[in-house]
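Heads up, the thing below is written out as structure tokens.
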Amino acid sequence: MTDDITGGGREGPGSQWYDNEAGPLVRPYAMTGGRTRPGPTGARLDLIALVTLAADAPDADDGALGPEHRTLIALCATETQSVAELAADADLPVGVVRVLLGDLVELGCVSVSRPVPPAQLPDERILREVIDGLRAL
Amino acid sequence: MVSEKSDATDGDTTALALKILVAGGFGVGKTTLVGAVSEIRPLRTEETLSEAGRLVDDTDGVDRKVTTTVAMDFGRITIRSGLSLYLFGTPGQDRFWFLWDELAQGALGAVVLADTRRLADCFPAVDYFEHRHIPFVVAVNCFTGARRHDAPSVLRALDLDPGTPVVLCDARDRDSGKEVLIRLVEYAGRMHTARLLDSVR
Ligand SMILES: Nc1nc2c(ncn2[C@@H]2O[C@H](COP(=O)(O)OP(=O)(O)OP(=O)(O)O)[C@@H](O)[C@H]2O)c(=O)[nH]1
Ligand SMILES: [Mg+2]
């Protein structure tokens, strides 16, 4: 599926669906080889799922990695990042980041933790911490 | 289901992320509020037009699908290392409702911004969170020129469940925005405790 990447600039038949109100039309999936869904391990990553660089991540120069993959790795290198932050900082749409992260997970470059469901979370101690933290802001 | 926390012996070493939504009608101050309390950045999500416009065309894979960008506000508040609040300003347009479902999933709670000059604009958001049992507070953005309403009258006008917090705020003011978030976190905690008690009763 990834072997017919033709980069940007291709005029697809879908271009006629231009819709002013909806914002500019883009072809953000060119860099994912047209894949709009992550591979099985990337599943549907939550916007606040946290992405951590794997300690034993393979070399970032790995030929399988595109520039956007490397951008994401660089962003995770300093600290754990959420999916939303990666998208905002890399200036990539969320769906693209999900696909790229799916690749990185499969390659063992990063690990992604599912957010703790709030039904299990609001541990009183943590909420207290949040409230105190907000006050101190 | 096993939570992340149980993987670690010390809860403090596990990074936690909490999601709060900021919703409300057009131009009610969502972007302003997120920007007042956090470092705001635009977040682009892209949706295939088939999804947005219901032109179902899922047969030939996705290579040719044209997408449209939907921008959301996004801000992070770092409470401490390993504990952050993430704020998402929901797109105001009705046609992007399907985005809300993803945003709402796993949210700690929501802030519904309201403008008393056009209160009805926040009905859809109120309905949405009520139906999904997502704790929310109504924050009345006190625009200059708008008549001051007291919280109880807003509560009645919106026909809210009696316990729902209504806070008057100035979305431009950081302290005011912080107060709104604090009220929400407190309320979410109370709702959660109440549900826990219900479930063991
Ligand atoms: N006087 C006053 N103006 C405000 C206040 N909050 C927001 N505004 C102004 O109202 C306008 C709309 O605010 P936004 O924060 O962009 O509203 P929004 O909900 O993000 O709007 P959309 O994303 O278009 O739905 C801006 O010009 C703000 O400066 C307030 O508390 N008082
Ligand atoms: Mg806005």
Self-check item: So B:GLY75, is it assigned to a strand (DSSP E or B), under 20 Å from A:LEU86 (Cα atoms) and at pLDDT 90 or above
Solution: yes
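To keep it simple, each residue is scored yes or no on (1) among the β-branched types (Val, Ile, Thr); (2) under 10 Å from the mean Cα position of the chain (by Cα).
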residue	(1), (2)
A:HIS69	no, yes
A:LEU72	no, yes
A:THR80	yes, no
A:VAL83	yes, yes
A:ASP91	no, no
A:VAL96	yes, yes
A:LEU107	no, no
A:SER111	no, no
A:VAL116	yes, no
Practice problem: Determine whether region B:172-194 contains at least one residue that is of a type in the set (Val, Ile, Thr), open to solvent by less than 20 Å² (accessible area, probe 1.4 Å) and away from ligand 1 (no atom under 16 Å from the Cβ). | Solution: yes
Quiz item: If we only count helices (runs of 4 or more DSSP H) wholly inside region B:86-201, which ones have 2 or more residues that are hydroxyl-bearing (Ser, Thr, Tyr) and in contact (Cβ under 8 Å) with a residue 12 or more places away in the chain?
Solution: B:174-200
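The values are calculated or read from the model by the stated rules, or taken from the named source; none is laboratory data. All values reported here derive from a predicted model rather than from experimental measurement. Cβ atoms come from the backbone with ideal geometry, glycine included; neighbour counts cover every protein chain shown. Just the protein is used for accessible areas: all its heavy atoms, side chains included, with ligands, DNA and RNA removed. Shrake-Rupley method; radii C 1.70, N 1.55, O 1.52, S 1.80 Å.
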